[in-house]
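Have a look at the structure below before the remarks.
The values are calculated or read from the model by the stated rules, or taken from the named source; none is laboratory data. For clarity, every value in this text was computed on a predicted model and none was experimentally measured. Virtual Cβ from ideal backbone geometry, glycine too; neighbours counted across all protein chains shown.
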Amino acid sequence: MMNRPIYLSGLRLLVFLLLASWLFSSAGWLLAKVPEESKGVLTEQELISLAEQLKKIGLVEEKAADYLKIITSVGSRLTGSPQAEAAVEKASKLMKELGFDRVWTEPVTVKRWVRGEKEIGLVKSHQFGQLRIEVAALGNSVATPKTGLEAGLVEVHSFTELEKLGEQVLKGKIVFFNIPMDRTFINSFAAYGQAAQYRVRGASAAAKYGALAVLVRSVTFRIDEHPHTGLMNYESNWPRIPALAVATADAEKLSRWLKEDPEIRVYLKASCQQLEPVVSHNVIGEITGLEKPKEIILVGGHLDSWDLSPGANDDAAGCAAAIEALRLVKDCGLKPRRTIRAVLFMDEEFGGTGGQAYVQSPERAGEKHLLAIEQDQGGGLPLGLAIGKTQEIPEKIAILEKALQQLGLNWVRNGGGGVDIGPLIKQGTVPGTVVPDSQRYFDFHHSALDKLSAVHPRELELQALALAITVYYFSQEGI
């Protein structure tokens, strides 16, 4: 009687083991048929809940504003300057203190242009007397003679008008490009692009007809006494002549005076010069992906600024928001499948060599950048997300859009891009940008007004939150 139960139990065990073996092999076959990207999928409700969780941390702590203060504490960060290198050290130290998985720098060879002494601009009129105007040399400009330069002034409103006037009128004169930003544009960046071409190309266009120098109306909607600088370029086949921005209030006055007194003369003095190139650095920090560490979701801004201010909006804000996005992901205990990387690029303003150096670095070996978000439109209130490939991933975009609505963002549209991520885009990386309200951005842009007080801490934190949700979502789901 004792042997039978033992025999039956052994038989049952054998059947159980055979059945378990079959189920295991079948389950393995079924799992093999499930697409890899479906594992760990975030549902709409899960992402919305995460947005709420991040919001409670970010909006209470507002750490992005703290990081903005650290970056701007060194002052202006003109490419190649000691202040720019001090910012590299501070940003690197900050990311290490925040406990990111990896923090390092990569070398970038940059131009070294210096402004020299404060520029002088004087208007001399037999009818109105003498007036001092606020001017600033444009980046990359040559200097005037050491004693300055004085000549008659010719106002133009387009390259077509410049060409019509020709050498007969322009030779030996200072050309005054008085082209305001078009106030009818809702998109302030579109208005900027239209007007900035005269800043970039004006000097060589005027030199072609024998002009001695150019004055360019500052590219801003605001009428004030602060010149707005920016990069200009020379064409190799024409003489290099001095190029200076003039404050909009003085541009308005110059235009009025010229109508009454065409014989006005203008004196300009600038001592800017080009020095030898120097080595600076991109600053990089990351939360390394658990499953696919070589697949990168990048977010960044540029660490350099112009020399007239600390560049709080342009672009310390973008750098601070990128750092805060990673900090929020880390402090929430989130473990991304793919690597989330913050890159603070050097030298966006003087030619974008930081972005080029980044893609050319040996560190990129074996890496695949799926998404690159560039924040370089100021620290204003985020309105929406511009991102490439929206038509190819409508389901993912719909889920992300619902989550971003919890932060007040109203849309996700096709778009995105920037100077720093341009080289990555050429390699097939999807671009992105959290788009802020930019109506006041050009009030400060490239001028002495771009100070810490120009950025609202809460608006900047909302940008960082939108970035955190976006980069974490795509680190999990791919793109």
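Give just the number: which of (1) within 21 Å of P310 (Cβ to Cβ); (2) of a type outside the set (K, R); (3) part of a loop (DSSP other than H, G, I, E, B) does G428 not satisfy? Condition not satisfied by G428: (1). Taken over the stretch 273-315, residues that are assigned to a strand (DSSP E or B) and under 30 Å from R132 (Cβ atoms) amount to 3.
Of everything in the stretch 302-323 that is out of contact with any strand residue (DSSP E or B) (no Cβ under 9 Å at 6 or more places or on another chain) and within 15 Å of H456 (Cβ to Cβ), the residue that is surrounded by the most Cβ atoms within 10 Å (Cβ to Cβ) is N313. Screening the stretch 226-244 for residues that are under 22 Å from D182 (Cβ atoms) and part of a loop (DSSP other than H, G, I, E, B) and picking the one that is nearest to the chain's Cα centre (by Cα) gives G230.
Which of the following residues is touching a residue at least 24 places away in the same chain (Cβ under 8 Å), farther than 25 Å from F442 by Cα and in contact with a helix residue (DSSP H, G or I) (Cβ under 7 Å, 6 or more places away or on another chain): I323, I340?
Being touching a residue at least 24 places away in the same chain (Cβ under 8 Å), farther than 25 Å from F442 by Cα and in contact with a helix residue (DSSP H, G or I) (Cβ under 7 Å, 6 or more places away or on another chain) holds for just one of I323, I340, which is I340.
Might you check whether a residue that is in the same structural domain as V266 (by TED's automatic domain parsing), closer than 22 Å to W306 by Cα and touching a residue at least 60 places away in the same chain (Cβ under 8 Å) occurs anywhere in the stretch 151-162? No, the stretch 151-162 contains no residue that is in the same structural domain as V266 (by TED's automatic domain parsing), closer than 22 Å to W306 by Cα and touching a residue at least 60 places away in the same chain (Cβ under 8 Å).
Surrounded by fewer than 22 Cβ atoms within 10 Å (Cβ to Cβ) and either in contact with a helix residue (DSSP H, G or I) (Cβ under 6 Å, 6 or more places away or on another chain) or at positive phi (or both): does that describe Y267?
When the stated conditions are applied, Y267 does not pass them.
In the set (1) in a loop (DSSP other than H, G, I, E, B); (2) more than 29 Å from T72 (Cα to Cα); (3) not hydroxyl-bearing (S, T, Y), K402 fails one condition alone, (1). Among the residues of the stretch 42-64, the one identified as surrounded by fewer than 14 Cβ atoms within 10 Å (Cβ to Cβ) and of a type in the set (S, T, Y) is T43.
Matching residues to (1) surrounded by fewer than 23 Cβ atoms within 10 Å (Cβ to Cβ); (2) closer than 25 Å to S49 by Cβ:
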| residue | (1), (2) |
| --- | --- |
| N414 | yes, no |
| G422 | yes, no |
| V434 | no, yes |
| H456 | yes, no |
| I479 | yes, yes |
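Scanning the stretch 245-272 for residues being in contact with a strand residue (DSSP E or B) (Cβ under 7 Å, 6 or more places away or on another chain), within 21 Å of D443 (Cβ to Cβ) and outside any helix (DSSP H, G or I) gives a total of 2.
Go through the stretch 272-283 and give me each residue that's within 14 Å of A87 (Cβ to Cβ) and not hydroxyl-bearing (S, T, Y).
Listed by number, the residues that qualify are H281, N282, V283.
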